[in-house]
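Student: Below you'll find the structure I mean.
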Amino acid sequence: MSNRAALSRPAPPPVVEVEGLEKSYGEVRALDGISFSVDAGSVVAFLGPNGAGKTTAIKILTGYLGADRGRARVCGHDVDRDPLAARSQVGYLPENNPLYPDMRVCDLLRFAFEAQRTGEASAADAIDRAVSRTGLAEVYRKFIGACSKGFRQRVGLAQALLHDPPLLILDEPTNGLDPLQVVEIRQLIRDLGAHKTVLVTTHVLPEVEALAERVVMIHRGRKVADGALAQLVQVGTEGLWVHVGVRGSETALRSVLQQAGATEVTGRSSPFADAAACAVQARVRDADALPALAAAVHAAGLEMVEFAPQGGSLEMLFQRLVTPAAAVSGVAPEPSPEDLGGRA
């Protein structure tokens, strides 16, 4: 194929398209007109605090709930108008991962395959493929109730993969796991993301930073940020933060930093055993401002015990967008173009 032909070929449609979704439960508005799309071959975190509307949006995408207004499509299939075709494109791991503890893993997977019946593969081929991808061989004939929580999550992922769907939707996939199990499930999700489009819902910030290439953040049913993780972290910091610790007066330290050009100085708990030491964090324009900041502290005669520039933080962005004012009013702050990462 010529380069010209390749360039003229239209881009594939998004795997997920959400347009103006609204959903209310009585007087409580769970979704307030959110829109986003997910392209093929990406791992996207659907992030928000508890009660933000994440699970409601996922239930609409997977056909468990109907929207009051708006449209959702999966691989071009309208979830409302063509629900069976849309569902056939989705592998879903719900947050509570409902399984039958008295069934063996092998029997549960065969039962799930017979219930789905959406693919052309035989049961044996589909189950072998899912077991291989999720590392279930060692517990394949065990009762599910005798498996660890980590292996039960793997069983849930395996049943979601049986019909080899292009889209995986994982709702809080590491919830309740111990640290070792979290690491194992994260790696499994990353491996699956090499071949599938993965939408992970979570309220746990380290999960996002460990897994996602892109973040869609919602709060009180509205989208407040959408973009590449690195880009959003940079927007959320609005400059560079540096942790500064000295032996001496915090009031004096604050004054020195502000006079040296820090745009914001906030206190923080002192990490030092020395009771005479204090610690703050200061925000500066960029890394070029750091030498002047350090020189000013030294010139003021303050003995420096810490000077540690901090990288961009998703937590800073999260705190900025999910504000107390928004929580009180029930309406998320109007996102700026920068917060939206250039997406409509």
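Student: Could you please state how large a percent of the accessible area of the stretch 235-298 is carbon and sulfur, counting protein chains only and using a 1.4 Å probe?
Tutor: Roughly 52 percent, rounded to a whole number.
Student: Applying the Karplus parametrisation 6.51 cos²θ - 1.76 cosθ + 1.60 with θ = phi - 60° to the phi angles of the stretch 292-297, what ³J(HN,Hα) value in whole Hz is obtained for each residue in order, glycine and proline being reported as x?
Tutor: Values per residue, Gly and Pro as x: 5, 5, 5, 5, 5, 5 Hz.
Student: Report the local net charge at LYS149: Lys and Arg +1, Asp and Glu -1, summed over other residues whose C-beta lies under 12 Å from its C-beta.
Tutor: On the way: positive: ARG152, ARG154; negative: ASP178, GLU184.
For residues surrounding LYS149, the net value is 0.
Student: Tell me, what % of the accessible area of the stretch 36-148 is carbon and sulfur with a 1.4 angstrom probe?
Tutor: 47
Student: Same structure, new question: Please tell me the relative contact order of the stretch 12-105 in percent, rounded to the nearest whole number, where contacts are Cα pairs under 8 Å and at least six residues apart.
Tutor: 28
Student: Under 22 Å Cα-Cα from LYS196, which lysines qualify once same-chain neighbours fewer than 8 residues away are excluded?
Tutor: Result set, ordered by chain and number: LYS54, LYS59.
Student: For the stretch 55-211, what is the percent of antiparallel DSSP beta bridges, rounded to the nearest 5?
Tutor: Counting only bridges with both partners in the stretch 55-211, antiparallel ones make up about 25 percent.
Student: Got the relative contact order for the stretch 40-163 handy, in percent, Cα pairs under 8 Å and 6 or more residues apart?
Tutor: Averaging sequence separation for qualifying contacts and normalising by length gives 24 percent for the stretch 40-163.
The values are calculated or read from the model by the stated rules, or taken from the named source; none is laboratory data. Quick caveat: nothing in here was measured; it's all calculated off a predicted structure. Note that each Cβ is placed from the backbone with ideal geometry, even for glycine, and that neighbours are counted across all protein chains shown. The accessibility values were calculated without ligands, DNA or RNA, using every heavy atom of the protein model including side chains. Shrake-Rupley method; radii C 1.70, N 1.55, O 1.52, S 1.80 Å.
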